[in-house]
Amino acid sequence: MAMDIEATAARLGVDLSQVDWDSIRLPPGEDFGVVSDDDDLMEEETLEFDQGFGNIVVVDNLPQVPKEKFEKLETVIRKIYGQIGVIKEDGLWMPTDPATEKTLGYCFIEYNTPQEAELARDKTHGYKLDKSHIFAVNMFDDIEKFMKVPDEWAPPETKPYTPGENLQHWLTDAKARDQFVIRAGQDTEVLWNDARHLKPDPVYKRPFWTESFVQWSPLGTYLATIHRQGAAVWGGASTFNRLMRYAHPQVKLIDFSPGEKYLVTYSSHEPSNPRDTHRVVINIFDVRTGKVMRDFKGSADEFAVGGTGGLTGVSWPIFRWAGGRDDKYFARIGKNVVSVYETETFTLIDKKSIKVENVMDFSWSPTDPILALFVPELGNQPAKVSLYQIPSKEEIRQKNLFSVSDCKMYWQSTGEYLAVKVDRYTKTKKSTYTGFELFRIKERDIPIEVLELENKNDKIIAFAWEPKGHRFAVIHGDNPRPDISFYSMKTAHNTSRVSKLTTLKSKQANALYWSPSGKYLILAGLKGFNGQLEFYNVDELETMATAEHFMCTDIEWDPTGRYVATSVTSVHEMENGFNIWSFNGKLLYRILKDHFFQFSWRPRPPSFLSPEKEEEIAKNLKKYSKKYEAEDQDVSMLLSEQDREKRRLLKEEWESWVNKWKKYHEEEKLEREKLRDGEVSDEEEEYEAKEVEYEEILDVHEEIVSFDFEQ
Amino acid sequence: MRPILMKGHERPLTFLKYNRDGDLLFSCAKDHNPTVWFADNGERLGTYEGHNDQTAKLWDVKTGKALYTFVFDSPARSVDFSVGDKLAVITTDPFIEKTSAIHVKRIAADIKDQTDESVLVMKGPRGRINRAVWGQLNKFIISAGEDAIVRMWDPLTGQEIMSSRDDDNHKKQITSLCLSTDGSHFLTGSLDKSAKLWDSRTLTLIKTYVTERPVNAVAVSPLLDHVVLGGGQDASAVTTTDHRAGKFEAKFYDKAS
């Protein structure tokens with residue numbers, strides 16, 4: 001490139017050293033055939049917030065006071081604005097009219113950071129000093145923007161419709177494969193799981209694609225990346241194009257609504273006064289338009305989850321979305337309140353939160369607008385779990401619980417059941433034991449059943465519902481090798497009672513991973529158990545396979561329940577990478593990657609088939625699968641054929657190389673002999689171990705021996 | 001097959017070598033006492049006593065007598081005799097302000113004529129040179145070490161003739177190098193978790209064997225098309241992980257595939 005420029009300059013007689021490069025302006029849209037490779041970079045830079053006057057606010061509608069009252073007014077303003085942030089030294093300027101020496105009714109306040117300035121605007125805009133002085137507060141940077149607004153309204157330009165790409169094209173893969181994304185080192189890569197060929201098939205790879213992590217949207221349409229300036233989503237028919245960006249400086253965490261209509265982003269900022277808590281900024285974007293639907297700002301304390309023992313810090317996601325794909329409601333917990341918002345207007349339902357004294361935790365049904373709240377014991381009040389219908393905010397069920405130390409809620413994936421794990425104190429208050437309250441949400445009056453383990457002192461290590469099913473598994477026990485029990489909410493002879501199916505004794509397991517289609521379950525022994533895996537069939541109550549992925553840290557089923565990925569991420573130094581298994585525990589392939597950070601299957605949207613149709617397919621599976629089995633057979637034949645051929649070629653190549661060398665070696669035989677002074681030592685013979693007796697006379701010594709004759 | 005355990009060294013072993021016939025095994029350790037053993041039964045035949053730091057010594061295998069001592073100003077790392085035993089190549093470590101070096105010494109037929117003088121001294125590679133061996137017909141010296149590059153030197157002029165290409169290179173320190181019996185190819189093992197097989201005339205890369213752990217030692221089978229890689233994690237990390245994670249194993253690979 002530089003060579004070209006120099007050559008052209010020489011031809012035109014231009015002295016390059018005299019050229020002021022920065023003064024050159026190209027006509028818009030013209031690049032003279034020079035494609036800039038830093039387009040992306042420049043684009044991103046404009047996103048960075050302007051450091052200029054972003055930290056200054058303009059306060060209007062102040063009283064206009066004479067000289068004598070100037071100081072008093074200044075003190076009042078300083079008091080109001082000094083509470084919000086640290087005003088810079090000489091950062092408060094209230095201009096006066098030089099003729100009358102009266103103030104002009106406005107002032108400028110300069111903070112250390114733009115965040116403080118923004119907070120000041122948000123908090124004091126509309127502040128009522130007295131009846132006739134209601135503050136109008138603006139960012140200094142915005143003044144110019146407001147000046148530019150034309151006085152007359154003009155209709156917006158209508159852009160012609162351009163059809164977008166099919167963002168769900170990956171679902172139409174002829175081989176019905178699934179995709180996954182991995183991050184290793186600096187690279188982020190999307191691949192097909194080509195289980196037939198026992199290897200992944202690359203789709204798209206990009207170094208430095210994200211600055212921290214990547215995340216699929218819940219229906220798999222988008223892949224979100226995180227950057228200093230904000231988040232971005234990617235997708236497309238054949239490759240991954242950037243579809244939208246969401247400006248949010250220093251974004252740390254993101255969360256999609258379940259129907260992927262909205263994206264919630266979170267950042268936390270150091271306060272300029274170290275005594276203050278961190279400042280939290282949350283934006284809710286419309287995913288498709290990129291528009292900010294609502295933002296929330298405040299101190300970290302305001303967003304921390306309340307609890308009896310004080311603040312427990314911010315727990316993500318702060319806003320939890322109601323189940324279902326219509327993304328209608330979202331909620332957050334506060335001190336003594338649960339705030340439920342609706343997405344029509346992005347405001348609180350009925351303009352007020354649900355007041356629940358001492359509320360500690362809440363969760364949504366995964367399918368219906370039902371909220372479950374947990375309130376711990378307080379004084380004489382027992383602890384309780386209540387269900388609220390939204391938007392009516394009507395309490396539809398409540399259960400009081402006594403001597404409770406903690407509660408945890410587990411919803412079954414279709415919202416039919418809710419299991420509440422209740423830890424209770426024993427009479428002596430010295431230890432706790434655990435039981436379950438099982439809610440049948442879809443039945444009339446929501447009946448509740450209590451389940452206690454056979455051995456009440458058993459600790460609960462893990463609990464998991466069968467997706468779409470009526471069964472659940474519990475790991476329990478006090479031994480180094482715990483037991484695993486399976487229960488059903490309906491068995492053939494007892495449709496409305498919970499009953500135990502079986503207990504597996506002394507297992508090396510501490511985590512449960514159900515297949516997304518139910519029936520199969522992995523009993524995993526992570527951490528202390530070093531990555532033990534047991535693939536279990538819950539229909540037949542039998543183990544299909546046991547295996548190990550040494551030091552495995554993560555397990556994830558593919559969205560169809562056909563394959564499982566186990567990975568060792570960079571929390572360990574050795575053996576980083578992932579394994580792909582079939583649902584029944586057969587290791588299909590293994591990929592090692594140093595500095596392996598993340599493995600994530602691309603989710604699929606729910607099937608359009610009705611449950612009846614799905615059942616029909618399952619029944620006639622043999623008929624449907626014939627075709628695929630034949631294809632599988634062909635591929636596996638082809639593979640082994642190719643493999644043999646490859647080996648044969650390698651072997652031949654090697655042999656020809658060796659033979660060539662043998663010839664040289666033969667030719668050089670004489671030279672070698674010469675180097676060894678004529679010794680022929682090329683020919684090797686096996687050595688023979690011989691024992692040789694070797695006698696040496698060390699010394700001869702004569703001695704007179706006396707005889708004794710008395711025999 | 002029952003392993004024969006040979007006990008005798010007081011410090012960690014550094015090097016093992018069979019003699020050409022294969023009936024004697026020579027072992028070196030950090031205890032300064034090279035030892036020779038009967039390969040068949042593991043019986044100790046004798047030790048070579050009197051070794052000290054920063055030297056290379058020439059011993060009489062039979063009598064155990066130190067014939068000559070080459071004195072260096074930094075620790076000596078590896079030795080190799082040329083075909084015909086008339087020359088030896090010795091590498092020395094970087095030490096205080098000395099850089100690493102490859103020394104070629106002439107081995108006199110009569111020990112009375114032996115001198116300390118180096119025929120050649122080659123310098124250049126950064127860091128330790130872990131091995132230097134004689135190539136085909138003593139026409140080359142092949143070296144490898146911490147800088148991860150395999151180099152070939154002219155033993156007459158001391159010039160570097162060629163070095164491995166950037167795309168072929170190991171990514172981390174080369175820990176060992178082993179020549180095949182006929183000298184046609186050699187194997188290098190590296191901390192980058194791979195071993196590579198090279199053509200010893202042209203220094204072209206023939207094969208790369210990728211493993212899951214750093215390679216500390218390599219060997220080429222004299223009879224079969226096999227290579228053996230031995231490895232494990234860095235010694236400094238041994239105590240921090242499960243013994244199985246360290247993976248101290250020897251792995252056999254088919255040379256050709």
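The values are calculated or read from the model by the stated rules, or taken from the named source; none is laboratory data. Source: prediction; values computed, not measured. A quick note on method: Cβ atoms are made from the backbone with ideal geometry, for glycine too, and the neighbour counts reach across all protein chains shown. Ligands, DNA and RNA are excluded from the accessible area calculation, which covers all protein heavy atoms including side chains. Shrake-Rupley method; radii C 1.70, N 1.55, O 1.52, S 1.80 Å.
At-a-glance table
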quantity: Segment A:LYS430-A:ASN659, extension gain: residue separation times 0.36 nm, minus the distance between their alpha carbons; calculated: 74.4 nm
quantity: Hz values of 3J(HN,Hα) by residue in the stretch A:261-276 - Karplus curve (6.51, -1.76, 1.60), Gly and Pro given as x; calculated: 7, 10, 10, 9, 10, 9, 9, 9, 10, 4, x, 6, 9, x, 6, 6
quantity: A:THR491 long-range amide H proximity, modeled H, under 5 Å; calculated: A:ARG497
quantity: Anchor A:LYS527: aspartates and glutamates whose Cα lies under 20 Å away (excluding residues fewer than 8 positions away in-chain); calculated: A:ASP478, A:ASP483, A:GLU548, A:ASP554, A:GLU556, A:GLU573, A:GLU575, A:ASP594, B:ASP242
quantity: Integer Hz, Karplus 6.51/-1.76/1.60 couplings in order for the stretch A:93-105, x for Gly and Pro; calculated: 10, 10, x, 10, 7, x, 6, 8, 6, 8, 6, 9, x
quantity: Sequence-distant lysines (8 or more away, or on other chains) whose Cα lies within less than 16 Å of A:LYS646; calculated: B:LYS207, B:LYS255
quantity: Loop-located chymotrypsin sites (Phe, Trp or Tyr not before Pro) in the stretch A:293-393, at most 16 other Cβ atoms within 10 Å (DSSP); calculated: A:PHE346
quantity: Residue order for A:ARG440, A:ARG288 - accessible surface, 1.4 angstrom probe, largest first; calculated: A:ARG288, A:ARG440
quantity: Over the stretch B:31-120 - Rg/Rh using Cα atoms and the Kirkwood inverse-distance radius; calculated: 0.99
quantity: At most 14 other Cβ within 10 Å, DSSP loop - trypsin sites (Lys or Arg not before Pro), the stretch B:159-219; calculated: B:ARG165, B:LYS171
quantity: At R0 = 35 Å, FRET efficiency that the Cβ-Cβ distance of A:ILE143 and A:HIS169 yields, to 0.05; calculated: 0.15
quantity: Cut-off under 5 Å, modelled amide H: who pairs with A:THR188 long-range; calculated: A:ARG206, A:PHE208, A:TRP209
quantity: Computed over chain A: relative contact order in percent, which uses C-alpha pairs under 8 Å that are six or more apart; calculated: 6 percent
quantity: Rg(Cα)/(2.2 N^0.38 Å) for chain A, N = residue count; calculated: 1.39
quantity: For the stretch A:282-291, 3J(HN,Hα) per residue [Karplus equation, 6.51 cos²θ - 1.76 cosθ + 1.60, θ = phi - 60°, Hz, x = Gly/Pro]; calculated: 10, 10, 10, 9, 7, 4, 6, 8, x, 6
quantity: Förster radius 25 Å - calculated FRET efficiency between B:THR181 and B:THR204, Cβ distance, rounded to 0.05; calculated: 0.80
quantity: Amide proton proximity set for A:GLY323, modelled H, under 5 Å, gap of 5+; calculated: A:SER365, A:THR367, A:ASP368, A:ILE370
quantity: GluC sites (Glu not before Pro) within the stretch B:92-146, DSSP loop, no more than 12 other Cβ atoms inside 10 Å; calculated: B:GLU97, B:GLU117
quantity: Per residue, the convex hull volume that the Cα atoms of the stretch A:550-609 enclose (Å³); calculated: 81 Å³
quantity: Peptide-level mean, for A:664-675, of C-beta atoms on other protein chains within 10 Å; calculated: 3
quantity: Gained length - A:THR491 relative to A:GLU357, 0.36 nm times residue gap less alpha-carbon distance; calculated: 44.3 nm
quantity: Whichever lysines have a C-alpha closer than 23 Å to that of A:LYS619, once near sequence neighbours (fewer than 8 apart) are set aside; calculated: A:LYS175, A:LYS468, A:LYS490, A:LYS519, A:LYS627
quantity: Extension reserve of the A:VAL700-A:SER405 stretch, reckoned as 0.36 nm per residue once the Cα distance is removed; calculated: 96.5 nm
quantity: Label-point separation, A:SER238 to A:ARG206 (7 Å along Cα→Cβ), nm; calculated: 1.7 nm
quantity: B:ALA66-A:HIS572 FRET efficiency (beta carbon distance; Förster radius 41 Å; 0.05 resolution); calculated: 0.25
quantity: Pairwise Cα inverse-distance average, inverted: Kirkwood Rh of the stretch B:13-254 (Å); calculated: 18.9 Å
quantity: Per-residue average of Cβ from other chains inside 10 Å of A:585-592; calculated: 1
